[in-house]
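Report on one structure; see the data block that follows.
The values are calculated or read from the model by the stated rules, or taken from the named source; none is laboratory data. Just so we're clear, the structure is a prediction, and the values are computed from it rather than from any experiment. Neighbour counts run over all protein chains shown; Cβ positions are idealised from the backbone, glycine included.
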Amino acid sequence: MKDKTRVAIIGCGVIGPLHAECFNANDDAEVVWVCDLISEKAQQLAEKTGSDVKWTTNYKDVLNADDVDAVSVCTDHASHADIFVESLEHGKDTLCEKPLAQNSENLDKMLAAKARHPERICGGVFQHRFDPIYVELHDIISSGALGTLLNANTQLRCYRSDSYYTDTPWRGTWKDEGGSVLINQAIHYIDQLLWHTGDEDKIKGTVKNIAHRNVIETEDCAAAFLEFKCGAVGTIEVTSASHLDWFSRISFFGTDGSIEITGDKQIFVKTKDKEQEDLILKRLEAALEPIQPAVTGKKYYGPGHFAQVADFIEAVRERREPSVTLESAAETLRAVFAIYDTTRQAGQ
């Protein structure tokens, strides 16, 4: 049996500890290094993760380490590209949290680095593709059970306080975050739309800052219209200024049936064939069976990080592409950029 894949976590803030938990829970991986600009965060995660875990405040120490096989990038949006590119250049397989980058220029740099280093295994995080209910949904839609797809829509209404932005200066800025609710929170549900429908063909949107005008320069509300490559049309409607802490809905309507999932767990199914309707509902409800939650992270992260990390480690060990490739994650991010671009082109 191969030795365990030795992993370094770069970024020990909000999402890094969850990555560390997921990698250490995998029998074929172990976290050997952690890194953060704030020494206290790096040291705390190192101590929590394992007695032999090394820590540093300089990510170059990690990339130069001979005892690191793979890197997980969990830093702020603007630093993803540089770390990712250097990681590949140092011979490390690399997993990068969403969004891959905060602008098109940095995204292109990452894709170019992947093209220069095809031997490296790398991918982007969209953990909801691994949530059992969405895996089941993907199979159902792909089977044609809903007939010809007509509409696909998503809504996200969540709340982000002023302090959420002011306490972390890079948030709410075009330069460093690249946007706000679209690129940070809603991107997961945009990814779901594109994954289940087969990507968009055309997209137009608008973004506005309504409730955080004196706090951030980016958007807290957005809406978009999409034409998908499969021929269906759809909408995106999101806000981070809601009175609701977190409310999500994704729906698919076809000529033979429809499915709507609210809050990642409330299911509505209606099809022409009642027997098939009951079967689909049972399949989706079975996918909601309790799953051991992560110790760290937020509830709305869902259970998918464990499965995506496991897939990445398997890909590293088998030298294959991960299920969420870098190119696939980039397509979702380009859809987000397209919404921002159409707003700018309209002079809003």
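So is D36 among the acidic types (D, E) and buried (at least 22 other Cβ atoms within 10 Å of the Cβ) or not? The answer is yes for D36.
Scanning segment 87-112 for residues that are buried (at least 23 other Cβ atoms within 10 Å of the Cβ), among the hydroxyl-bearing types (S, T, Y) and under 15 Å from E327 (Cα atoms) turns up just one, T94.
Within segment 7-25, the residues that satisfy the criterion of being touching a Phe, Trp or Tyr at 6+ places or on another chain (Cβ under 8 Å), over 18 Å from T57 (Cβ atoms) and outside any loop (DSSP other than H, G, I, E, B) are V7, L18, C22.
When the residues of segment 97-118 are narrowed to those that are touching a residue at least 40 places away in the same chain (Cβ under 8 Å) and outside any helix (DSSP H, G or I), which ends up farthest from the chain's Cα centre (by Cα)? Lay out the reasoning, then the answer.
First, the residues of segment 97-118 that are touching a residue at least 40 places away in the same chain (Cβ under 8 Å): 97-104, 107, 110-111, 114.
Now restrict to residues that are outside any helix (DSSP H, G or I): 97-103.
On the way: E97: 6, K98: 4, P99: 7, L100: 9, A101: 12, Q102: 13, N103: 16 Å.
This residue is N103.
For segment 243-257, what are the residues that are more than 21 Å from the chain's Cα centre (by Cα) and aromatic (F, W, Y)?
If we filter segment 243-257 for residues that are more than 21 Å from the chain's Cα centre (by Cα), which is where we start, we get 243-244, 253-257.
F253, the sole residue that qualifies.
Which of the residues that make up segment 113-131 are small (G, A, S), out of contact with any Lys or Arg (no Cβ under 7 Å at 6 or more places or on another chain) and crowded, with 23+ Cβ neighbours inside 10 Å?
Step one: filter segment 113-131 for residues small (G, A, S), giving 113, 115, 123-124.
Narrowing further to those that are out of contact with any Lys or Arg (no Cβ under 7 Å at 6 or more places or on another chain): 113, 115, 123.
Hit for segment 113-131 is G123, nothing else.
Taking the criterion of being of a type outside the set (S, T, Y), buried (at least 19 other Cβ atoms within 10 Å of the Cβ) and not in a loop (DSSP other than H, G, I, E, B), the residues of segment 39-56 that qualify are K41, A42, L45, A46, W55.
In segment 209-220, is there at least one residue being out of contact with any Leu (no Cβ under 7 Å at 6 or more places or on another chain) and over 22 Å from D176 (Cβ atoms)?
Of all residues in segment 209-220, those out of contact with any Leu (no Cβ under 7 Å at 6 or more places or on another chain) come to 209-218, 220.
Pick out the ones that are also over 22 Å from D176 (Cβ atoms) and you get none.
There is no residue in segment 209-220 that is out of contact with any Leu (no Cβ under 7 Å at 6 or more places or on another chain) and over 22 Å from D176 (Cβ atoms).
Of all residues in segment 240-263, none are at pLDDT below 95, over 18 Å from I141 (Cα atoms) and crowded, with 16+ Cβ neighbours inside 10 Å. Within segment 139-177, the set of residues being in a helix (DSSP H, G or I) and surrounded by 19 or more Cβ atoms within 10 Å (Cβ to Cβ) comprises I140, I141, Y165. Within segment 62-86, restricting attention to residues that are out of contact with any strand residue (DSSP E or B) (no Cβ under 7 Å at 6 or more places or on another chain), closer than 25 Å to E119 by Cα and among the acidic types (D, E), the residue that is surrounded by the fewest Cβ atoms within 10 Å (Cβ to Cβ) is D66.
Take L182 and tell me if it is buried (at least 19 other Cβ atoms within 10 Å of the Cβ), assigned to a helix (DSSP H, G or I), touching a Ser or Thr at 6+ places or on another chain (Cβ under 9 Å) and free of Cβ contacts under 8 Å to residues at least 60 places away in the same chain. Criteria not met by L182. Got at least one residue in segment 57-64 being assigned to a helix (DSSP H, G or I), within 11 Å of I9 (Cα to Cα) and either without any contact (Cβ under 8 Å) to a residue 24 or more places away in the chain or touching a Pro at 6+ places or on another chain (Cβ under 6 Å) (or both)? No, segment 57-64 contains no residue that is assigned to a helix (DSSP H, G or I), within 11 Å of I9 (Cα to Cα) and either without any contact (Cβ under 8 Å) to a residue 24 or more places away in the chain or touching a Pro at 6+ places or on another chain (Cβ under 6 Å) (or both). Just wondering, is there one or more residues in segment 50-60 that are among the polar types (S, T, N, Q), assigned by TED's automatic domain parsing to the domain that holds V316, over 19 Å from H90 (Cβ atoms) and within 25 Å of the chain's Cα centre (by Cα)? Within segment 50-60, not a single residue is among the polar types (S, T, N, Q), assigned by TED's automatic domain parsing to the domain that holds V316, over 19 Å from H90 (Cβ atoms) and within 25 Å of the chain's Cα centre (by Cα).
Restricting attention to segment 309-348, and to residues there that are hydroxyl-bearing (S, T, Y) and assigned to a helix (DSSP H, G or I), which single residue is surrounded by the most Cβ atoms within 10 Å (Cβ to Cβ)?
T332
Take the conditions part of a helix (DSSP H, G or I) and surrounded by fewer than 19 Cβ atoms within 10 Å (Cβ to Cβ) and apply them to E136. Does it pass? Yes: the conditions hold for E136.
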